[in-house]
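One structure is given below, encoded as C-alpha cells.
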Amino acid sequence: MSDDRTAVAERIEDLRRQIEHHNYLYYVLDQPEISDAEYDQLMRELEELEAAHPELITPDSPTQRVGAPPSSAFQPVRHLEPMFSLDNAFSFDELEAWRERVLKILGRDPDAYSCEPKIDGLAVSVVYERGVLVRGATRGDGIVGEDITANVRTIKAIPLRLRGDPPAVLEVRGEIYMPVSAFEALNREREERGEPPFVNPRNAAAGSVRQKDPAVTASRNLSNWMYHLGHVEGGPRLERHSESLAWLRELGLRVNPANRTLHTIDEIEEYARWAEANRHSLDYEIDGVVIKVDRFDDQRALGFTARAPRWAIAYKLPAEEKTTKLLSIEVNVGRTGVVTPYAVLEPVFVGGVTVTTATLHNEREIHRKDIRPGDWVVVRRAGDVIPEIVGPVLSRRPKGLRRWHMPKTCPFCGNPIVKDEHGVRAYCTGGYACPSRLREWLVYFGSRSAMDIDGLGYKTVDLLMREGLVRDPADIFLLQPDDLLRFEGWGPKKVENLMTAIAAAKDRPLWRLLVGLGIDHVGPTVAKLLARKFGSIDDIMSASEDELAAIDGIGPEIARSIVAWFGDEENRKLIDKLRSAGVRMAEPVEEVEGPSLEGVTLVFTGSLERFTRDEAKEAVEARGGKVSSTVSGKTTAVVVGRDPGSKLAKAEAQGVPIIDEDTFAALLERGPEAIGGS
C-alpha cells in the first residue's frame, strides 16, 4: 500500500472513530461536545474520502447507515433465545400479588428490583458479532421475527460498532420508538403534503421500521432504548440486571436514564406514580413500568411460565377514558361459531388511537352495565388493550332507549343463535355455512400462525367467497390462475405470487395443518406435540382419548376436543378433500439409530464444530429428549462449544453438569450413560 493510500485509510478510520464517539456522546450520554455543523463537517469529509476510495468502505462505516437497496420482503429470522412477553398488573393490589408469588418461590424478598419505563414502541432484537452489528429483527412470535437489519442500521441511536471490549456474540433487546417531537414534526409535514397523519407515535414507529426502503426509515428520526440482555457469548460475569444495563451503556448502547434500582414494593409503587404523573412530559410514549427481580440467580430460581418470566411484570398505567356516543350494537361470528356483540361508536381519540368500535363480550355483560344503543358511554383504552366500554353516562341518556338483546337468528346466515347452558355464550348453529364463521376460519387457516399463505388476508378471502371460489380450506388448494386473472387489480404477478404461496403451503409441516384446522385448544405447541408423537393425520384421527391425554402437555380436555373434532363426519370429509388436493398429511419420519434420551433436557451455549444448532436440537428431540434455552434445576447438562455465553456461568453456579461436543456426540450414540446418567 502506498504512503498516500495508507494515510487516507488512517484518516478514514480516525473519522469513523470520531463520529461514533460523538454519536455516543449525543445519543447515549446526552452530552454533545461539538455543534451539529461540526458533526456534519466530519461526515462530509468521510463521505468524500470514501467516494474517492470505495475499496475502503466497510459495512460498519457511519456512511453506510442507508446503504441497502429497497427490500421486496422481510425474511424470517430465528432469535438466538426466545423473546418472552410479560404478564401485566393493572393495580397495586395485583402488583403486590406478584411480589407475594415471588416471595413464596424464593422464600424471601429479593434484595433489589430493577424498574424502568415501559416504552410504547416496537420491540427489537439486535445482534453484534465481535462488536459489529450483524442483524436486527422484530419480535415476531417470540421465536421467529422479521429481518430488518438494513432498517436498523439507519437508526443513529443504535451503534454500528460497539465500544470498549465487546463479547464474541451479543444479542440485546430493546424498543425502537419515535420521539413525540419527531412524531409531531412528521405529521405537520404529511399534512402540508396533503397526506393523512399518523394516528400515534407507536404506529408511526412500527410503520417506519417495516419500510421496504431503508431510506424512508432513515428519514423518520427514530430512536431506541435497550433494556435486556439476550444471548451472550463471552463478556464479563454479571450478577444483576442492573449491572447488565450499566455494561450495555459502556458498550455504547442507549439505556434509559429513568431506570431505577429499588428495594421495596412501596418504592416501586412510588416509581409507578411518578411514571403516571410524568407520562405526558417525556419525549417518548409510555404505557406502564416494567419491574424485574434484579439478581440473575433469583431470576433463575423463579423461572418461566409457558409465556412469561415469573421474575418480571409490567405494571400498566391506568387507562385513559373518553366519552362518546354508542351508535349501535352489532354482532360478529368467529371461526369457532361464537357470536360476540360489539359497539359501533362515534369516532373518539383515546389512549393514543382513534376508536370506532369496542368489545362488549356478551349479552349478560351488556345488561350488567345497562348499556343501550343511543347512550353516551365512557370508553377506555390503555396500551395494547382492546377498547372497552366502562359504562353509560346515565345523566345524558335520551328518553326511550331500549335494552339490547341477542338476535334470535344469525344476521349472516339466518340460522338460529343458541346459548350455552349458563346462558352466557351464544353460538351460531349454521356451522361453516355461516359466511362470517367461514371467513374468519379461512383467514386463520392462511395466517402466519397456521399454513402461512402470504396474500390470503381478509380482502382476498372476501373476494374468493363472494365469487363462490372457496367454500372450505381445501378449496384454496384447488384455485387456478384463470380463476383470479379476470378480477380487477389481479394482474399476472399478483396471481403468480398467491399461487406460489398456496403451492408452498401444500408441503407445510404437519403441525401447521393441525393449527389451521381450528381444533379447539390446539395451537402451535399442542400441534407440534401431536405431529412428533404420531407422525400422520391418520394416526392422530385414530388415537383414543386415553392415548392423547397420556402425552406430556396434552390433558383430558384437549384430548376430548381432538377426538370430537375428528369424530365429526364433515371434518373427516375435509381431511379427505385436503389429501386429494395434495396437502401433506404426514411428517417424513426417519428411523433414528441410537438410544432413547427420554427424560434428558439439554441446554446449548457457544458454537459447535460438527453440528449446527438446529441439527443438534433435532438429534436430541428425535431421540425423545428436550432442548431448553434456559438453565434450571431440570437441566440434565449444558453442552459447551466455542465462545460460550452466560449460560456456562449459570450452569457452574447451579452445579449443572457441563459437557463438551465430544461428550454430546457420545450421548447421541450411547445414551445418558455417556454423562453418567442411568
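The values are calculated or read from the model by the stated rules, or taken from the named source; none is laboratory data. Please read these numbers as outputs of a predicted model, since none were measured by experiment. All Cβ positions, glycine included, derive from the backbone under ideal geometry; neighbour counts span all protein chains shown.
Things to note:
- Looking across segment 113-141 at every residue that is under 15 Å from Glu81 (Cβ atoms) and not charged (D, E, K, R), the one that is modelled with the lowest pLDDT is identified as Gly140.
- Long-range neighbours under 7 Å by Cβ, at least six apart or interchain, first residue aromatic (Phe, Trp, Tyr) within segment 650-678, second modelled with pLDDT of 90 or more and not in a helix (DSSP H, G or I): Phe664/Val639
- Strands (runs of 3 or more DSSP E) contained entirely in segment 116-231, each with at least 1 residues that are of a type in the set (Phe, Trp, Tyr): 122-129, 169-177
- Test set (1) more than 22 Å from Arg300 (Cα to Cα); (2) modelled with pLDDT of 90 or more; (3) surrounded by fewer than 18 Cβ atoms within 10 Å (Cβ to Cβ) - Leu262 fails condition number: (1)
- Selection of first residues in segment 436-459 that are within 18 Å of Pro524 (Cα to Cα) and of second residues that are assigned to a helix (DSSP H, G or I) and of a type in the set (Lys, Arg), restricted to Cβ pairs under 8 Å at least 6 apart or on distinct chains, gives the following pairs, ordered by first then second residue: Ala450/Arg512; Met451/Arg512; Asp452/Arg512.
- Residue check for Arg623: over 32 Å from the mean Cα position of the chain (by Cα) and farther than 30 Å from Tyr128 by Cα: no
- Within segment 249-268, the residues that satisfy the criterion of being more than 23 Å from the chain's Cα centre (by Cα) and farther than 28 Å from Leu103 by Cβ are Arg249, Glu250, Leu251, Gly252, Pro257.
- Residue match in segment 640-654 (condition: surrounded by 14 or more Cβ atoms within 10 Å (Cβ to Cβ), at pLDDT 85 or above and not in a helix (DSSP H, G or I)): yes
- Listed by first and then second residue, the pairs with beta-carbon distance under 8 Å, at least 6 apart or on different chains, first residue in segment 635-646 and on the phi > 0 side of the Ramachandran plot, second among the hydroxyl-bearing types (Ser, Thr, Tyr) and assigned to a strand (DSSP E or B), are Asp643/Ser607.
- Criterion (in contact (Cβ under 8 Å) with a residue 60 or more places away in the chain, in a strand (DSSP E or B) and buried (at least 21 other Cβ atoms within 10 Å of the Cβ)) met by exactly one of Val331, Val377, Val339, Val290: Val339
- Residue match in segment 501-521 (condition: modelled with pLDDT under 90, part of a loop (DSSP other than H, G, I, E, B) and β-branched (Val, Ile, Thr)): no
- Leu464 vs. criteria modelled with pLDDT of 95 or more and within 31 Å of the chain's Cα centre (by Cα): yes
- Candidates Ala426, Ala474, Ala433: the one that is modelled with pLDDT of 95 or more and over 26 Å from the mean Cα position of the chain (by Cα) is Ala474.
- Out of Gly374, Gly351, Gly337, sole residue that is touching a Cys at 6+ places or on another chain (Cβ under 6 Å), small (Gly, Ala, Ser) and either farther than 21 Å from Cys115 by Cβ or modelled with pLDDT of 90 or more (or both): Gly337
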